[in-house]
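As structure tokens, the structure follows; a few thoughts come after it.
The values are calculated or read from the model by the stated rules, or taken from the named source; none is laboratory data. Remember, predicted model here, so these are calculated numbers, not experimental data. Positions of Cβ are backbone-derived with ideal geometry, glycine not excepted, and every protein chain shown enters the neighbour counts. For the accessible areas, the whole protein counts, side chains as well, though only heavy atoms, and no ligand, DNA or RNA atoms are used. Shrake-Rupley method; radii C 1.70, N 1.55, O 1.52, S 1.80 Å.
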Amino acid sequence: MKDLKFEQKSSLSRLEAADQLSALAEALRHGGNAELQLGPGTMTLRVPDELRTEIEVEVGDGEIEMEIELKWPTTRSGAGAGAAS
């Protein structure tokens, strides 16, 4: 079971979609704790320096679908983790 799942579906203008992506890009650029406006509320996420990404584009049935995934662990890796004793 997931600890938290948030999903939002909406129709946006091209400009509104660009604004959302710009806000996300700015949050990623600064790292640390990123505050994202999602609907009526704000979500704060800790964003590490390194992320895993996946971009998927599907074309079919008269539509183009683009998914952009960003993944990172929920725990911080400790200093010296994996060091031999």
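Within segment 31-55, can you find the residues that are of a type outside the set (S, T, N, Q) and without any contact (Cβ under 8 Å) to a residue 12 or more places away in the chain? Break it down into steps so the answer makes sense when it comes.
Looking only at segment 31-55, we keep the residues that are of a type outside the set (S, T, N, Q), and these are 31-32, 34-36, 38-41, 43, 45-52, 54-55.
The answer is Glu35, Pro40, Gly41.
Contact list please: Cβ distance under 6 Å, first residue in segment 63-77 and closer than 14 Å to Thr53 by Cβ, second residue open to solvent by less than 70 Å² (accessible area, probe 1.4 Å) and modelled with pLDDT of 95 or more, pairs at least six apart or on different chains.
Glu67/Glu56
So is Arg52 loosely packed, with under 12 Cβ neighbours inside 10 Å and farther than 14 Å from Leu70 by Cα or not?
Working: loosely packed, with under 12 Cβ neighbours inside 10 Å: yes; farther than 14 Å from Leu70 by Cα: no.
No, not satisfied.
Taking segment 19-43 as the search range and keeping residues that are in a strand (DSSP E or B) and loosely packed, with under 10 Cβ neighbours inside 10 Å, which one is nearest to the chain's Cα centre (by Cα)? Outline the logic, then answer.
Let us first name the residues in segment 19-43 that are in a strand (DSSP E or B), namely 32-38, 41-43.
Subset that is loosely packed, with under 10 Cβ neighbours inside 10 Å: 41-42.
On the way: Gly41: 16, Thr42: 14 Å.
The qualifying residue nearest to the chain's Cα centre (by Cα) is Thr42.
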